[in-house]
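Q: Attaching a single structure in structure tokens format; questions to follow.
No lab work stands behind these numbers, since they all come straight from the coordinates. Given the structure is predicted, the values throughout are model-derived calculations rather than measurements. For neighbour counting, all protein chains shown are included, and Cβ atoms are generated from backbone atoms with ideal geometry for every residue, glycine included.
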Amino acid sequence: DVKVTQSSRYLVKRTGEKVFLECVQDMDHENMFWYRQDPGLGLRLIYFSYDVKMKEKGDIPEGYSVSREKKERFSLILESASTNQTSMYLCASAGAGGGYTFGSGTRLTVV
Amino acid sequence: GDSVTQMEGPVTLSEEAFLTINCTYTATGYPSLFWYVQYPGEGLQLLLKATKADDKGSNKGFEATYRKETTSFHLEKGSVQVSDSAVYFCALSDRVTDKLIFGTGTRLQVFP
């Protein structure tokens with residue numbers, strides 16, 4: 001069964017901490033994406049990557065960075081966590097022709 | 001830019017009722033259209049898709065038809081079950097970039 005695995009389901013971090021959210025896919029997909037999900041706002045694209053070491057800004061990249069050193073792994077980094085980054089974070093991967101597979105999500109609380 | 005508009009929820013129905021969740025889109029070109037479902041505590045799962053005008057996507061009793069003339073992709077089910085309670089997201093995919101653009105989601109609550 002194909003999978004996108006996010007390393008944590010729940011995280012609590014302090015303001016100012018550097019936070020790493022990890023995502024691994026086993027489908028050999030080229031494309032990977034990070035979204036955040038907030039009530040009333042739906043899913044908003046933070047960053048995406050079409051290949052190893054390649055990254056593109058999405059609609060709301062401020063306060064975030066990403067790393068893709070290997071094809072199967074796409075990491076989201078909060079350089080200095082703030083309370084307005086409390087959210088559900090969803091990772092997805094996609095092969096040619098679209099058709100995203102999502103991870104189960106990481107619910108991050110910044111206190 | 002491209003966008004997706006969904007009806008606001010929650011939609012509250014009794015079991016076996018007919019379901020419609022409206023979705024309209026704005027896009028340049030000819031996007032692919034999708035419905036995703038999110039059950040409580042889980043990520044999103046692809047429910048159905050359509051890649052060109054007049055295509056009908058269907059899965060688990062749900063259907064949606066790609067209507068280019070009305071730029072719509074409404075989700076329907078003839079008889080809902082309690083287990084259909086979830087949040088439903090309409091989305092479009094840019095054919096060049098493969099990026100998905102989502103609507104805000106519609107929560108469906110089905111009561112026995």
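Q: In whole Hz and in residue order, list the ³J(HN,Hα) couplings for region A:82-96 that follow from phi through the Karplus curve 6.51 cos²θ - 1.76 cosθ + 1.60, θ = phi - 60°; x for Gly and Pro.
A: Per residue, the Karplus-derived 3J(HN,Hα) values read 10, 5, 6, 9, 5, 5, 9, 10, 10, 9, 9, 10, 8, x, 4 Hz.
Q: Mind checking the log10 I(q)/I(0) for region B:70-112 at q = 0.28 Å⁻¹? Debye, one equal scatterer per Cα, no solvent, two decimals.
A: Each listed q maps to, in turn, -1.05.
Q: With the calculation restricted to Cα positions, what are the radius of gyration and Dmax of region A:10-51 in angstrom?
A: My reading of the Cα-based Rg and Dmax gives 13.2, 35 Å.
Q: Checking the cross-link filter: which lysines have an alpha carbon closer than 16 Å to that of residue B:60, excluding same-chain neighbours under 8 positions apart?
A: B:49, B:77
Q: If the viscosity is 1.306 mPa s and the temperature 10 °C, what translational diffusion coefficient in µm²/s does Stokes-Einstein give for chain A when Rh comes from Kirkwood over Cα pairs?
A: 115
Q: Please identify the longest segment of chain A free of exposed trypsin sites (Lys or Arg not before Pro), where exposed means a DSSP state other than H, G, I, E or B and no more than 12 other Cβ atoms within 10 Å.
A: It runs A:54-111.
Q: Another one. Dividing the alpha-carbon radius of gyration of region B:1-99 by 2.2 N^0.38 Å (N being the number of residues), what value is obtained?
A: Its radius of gyration relative to the 2.2 N^0.38 Å reference: 1.06.
Q: Give me the one-decimal Kirkwood hydrodynamic radius in Å for the protein assembly as shown, with the sum taken over alpha-carbon pairs.
A: Hydrodynamic radius (Kirkwood, Cα pairs) of the protein assembly as shown is 18.0 Å.
Q: To continue, here is another question. Taking a ≥ b ≥ c as the square roots of the Cα gyration tensor eigenvalues, with a/c under 1.5 meaning rounded and otherwise prolate when a/b beats b/c, else oblate, which class fits region A:63-104?
A: Note, shape of region A:63-104 comes out oblate.
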